[in-house]
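Please read the structure below before turning to the comments.
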Amino acid sequence: MAVSQVQSYPDWLAQLFGFIGVSLPDDFLLFQWAVILFTAIAIVGQAAVVFMVLMERKVLAWLTQRIGPNRVGPFGLLQTLADGVKLLFKEDIMTRDQDKLLFTLGPALFFLPCFVVYALIPFTSELLAIALPTGALLFFALSSISVIGIVISGWASNNKYSLLGGMRSAAQAISYEIPLVLAVLAVVLYAGTMNIRDIIEMQNNGAFGFPFGFISWFSIWLFPLSFIIFFISSIAEVNRIPFDLPEAESELVSGYNTEYTGMKFATFFLAEYAALFAMGALTVCFFFGGYYSPLGGLLSETLKIDVILQSLIGIDGFAGLVRQLEMISWMMLKTYIFIFVAMWIRGSLPRLKPDELMGFSWKFLIPLSLINIFMIAIQKYWHVTSDLTFGLAWAAVLVLGVGGFCVMMSRHFTAKLEERFKPALT
């Protein structure tokens, strides 16, 4: 792979440092900028994870008509900080029969990939630590490594419940990684690139075939089935309810992290929320326009906020900085909407049985993903050729195919439900 030319830091960064009276050296090039940017993203990412813990407790309390955390700090805002301090001072207990090296290494192997993938997520057009032409491929390669840490932790704990949790996690990751990648493959096939930032730019520029104002900022109009498959599979990948079998409390005590205490347990906790945030951000990048505004244009350009700041402060050159701040605001807002949906699902759905979880992927999601890729390929051909007869014929085949598949799956699940509830009905 050819290495891109070394670029200097963005202009808005120089403007920001100039405002505080610091001048950047001339040799401050792409590598230094990438290191600083990745460090900043990691710190902000951990802060976002800490906020997500409190957010989930508040959301679940709201869904179940409870108050939630309200003791530590105003409105309970410092509860997560108090929990972190508590875990920091807890004793690190290890039994005599555990593999101490692997027991310690497991949480780190799970934690690191969940945060490293943040470097591949474009939070703005310039706020991207590593811009690769194969960014989507590398994202899934790194995210799939984290399951190794879970399996190692389950085995090293010398506990049957932990081992079962680790094995369940491995089987679940293999099963749902396939439809997850196939759903993104449909988007990559249509876009012609695996660069995440390029896919976002294509959505904003109407290159996906919808240059009609409001609906040109996202691609879900083209990929509704890909979005549904991706979102369901991403929830399963991060072990969220109803797919939390690796740590099912009613069956496995706490699953693969049963024997962990203190900060090692907190490491698993943080990594799970970091993975949820990363999957939510990737959902936004592929299907909902990434960091671009859904209002058809950036508010900073419409409201001329940089001009207002110039008149108030008397310093010119804030246009780039204001633009980046607006982009990251939209990116975070969209991401947290999907995080909220995942929390809503946790408070609404029961846990699946192991056979149901595996069957749902292999018998439903994977065949549906392959059908979706076939449909997107034909849709791409029609978009290029603009053949009306071909388009009408394809629409008829699409309706018949999807309808037949839905009828087939409906009969399958109806038979399963009748089999399950037959003793109760008789």
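The values are calculated or read from the model by the stated rules, or taken from the named source; none is laboratory data. Since we're looking at a predicted model, the values are computed, not measured. Backbone-built Cβ (ideal geometry, glycine too); neighbour counts: all protein chains shown.
Just need a number here: residues in segment 42-62 that are closer than 15 Å to Ile121 by Cβ and in contact with a Lys or Arg (Cβ under 9 Å, 6 or more places away or on another chain).
Counting residues in segment 42-62 that are closer than 15 Å to Ile121 by Cβ and in contact with a Lys or Arg (Cβ under 9 Å, 6 or more places away or on another chain) gives 0.
Could you tell me which residue of segment 37-62 is farthest from the chain's Cα centre (by Cα), considering only residues that are among the aliphatic types (A, V, I, L, M) and farther than 14 Å from Tyr336 by Cα?
Keep residues of segment 37-62 that are among the aliphatic types (A, V, I, L, M), which gives 37, 40-44, 47-50, 52-55, 59-61.
Next, only the ones that are farther than 14 Å from Tyr336 by Cα stay: 37, 40-44, 60-61.
Details: Leu37: 20, Ala40: 19, Ile41: 15, Ala42: 15, Ile43: 17, Val44: 16, Leu60: 20, Ala61: 24 Å.
Residue satisfying both the conditions and the ranking: Ala61.
Pairs needed: first member in segment 126-142, without any contact (Cβ under 8 Å) to a residue 60 or more places away in the chain; second member anywhere, in a loop (DSSP other than H, G, I, E, B); C-beta distance under 9 Å; at least 6 residues apart or different chains.
Leu137/Met194; Leu138/Ile130; Leu138/Leu132; Leu138/Met194
Identify all residues within segment 65-104 that are part of a helix (DSSP H, G or I) and touching a Gly at 6+ places or on another chain (Cβ under 6 Å); write none if there are none.
Residue satisfying the conditions is Leu87 alone.
With (1) at pLDDT 80 or above; (2) β-branched (Val, Ile, Thr); (3) over 27 Å from Ile241 (Cβ atoms) as the list, and Thr385 as the residue in question, which single condition is left unmet?
(1)
Taking segment 333-353, which residues are surrounded by 14 or more Cβ atoms within 10 Å (Cβ to Cβ) and either polar (S, T, N, Q) or in contact with a Cys (Cβ under 7 Å, 6 or more places away or on another chain) (or both)?
The one that is surrounded by 14 or more Cβ atoms within 10 Å (Cβ to Cβ) and either polar (S, T, N, Q) or in contact with a Cys (Cβ under 7 Å, 6 or more places away or on another chain) (or both): Thr335.
From the list Phe103, Phe115, which residue is farther than 25 Å from Arg57 by Cα, among the aromatic types (Phe, Trp, Tyr) and in contact (Cβ under 8 Å) with a residue 40 or more places away in the chain?
Just one listed residue meets the conditions, Phe103.
When only residues in segment 236-253 that are among the hydrophobic types (A, V, I, L, M, F, W, C) and in a helix (DSSP H, G or I) count, which is farthest from Ser348 (Cα to Cα)?
Among those residues, the one meeting the criterion is Leu252.
Here is a list: Ser8, Ser23. Which entry is over 27 Å from the mean Cα position of the chain (by Cα), of a type in the set (Ser, Thr, Tyr), at pLDDT below 60 and surrounded by 14 or more Cβ atoms within 10 Å (Cβ to Cβ)?
Residue meeting the stated conditions: Ser8.
Give the residues of segment 59-74 that are at positive phi and surrounded by 15 or more Cβ atoms within 10 Å (Cβ to Cβ), sorted by residue number.
Gly68
Starting from segment 226-252, keep only residues that are in contact (Cβ under 8 Å) with a residue 24 or more places away in the chain and on the phi > 0 side of the Ramachandran plot, then list their pairs with residues that are of a type in the set (S, T, N, Q) and assigned to a helix (DSSP H, G or I) whose Cβ atoms are within a distance under 8 Å, requiring at least 6 positions of separation or different chains.
Partner pairs satisfying both residue conditions: Asn239/Ser169; Asn239/Gln172.
Give me the pairs: first residue in segment 74-99 and within 13 Å of Tyr260 (Cα to Cα), second residue of a type in the set (Gly, Ala, Ser) and part of a loop (DSSP other than H, G, I, E, B), beta-carbon distance under 8 Å, and six or more apart or on different chains, which are they?
Taking only residues 6 or more apart or on different chains, the pairs are Gln98/Ser157.
Assess whether Pro179 counts as being at negative phi and within 14 Å of the chain's Cα centre (by Cα).
Working: at negative phi: yes; within 14 Å of the chain's Cα centre (by Cα): no.
It is false that Pro179 is at negative phi and within 14 Å of the chain's Cα centre (by Cα).
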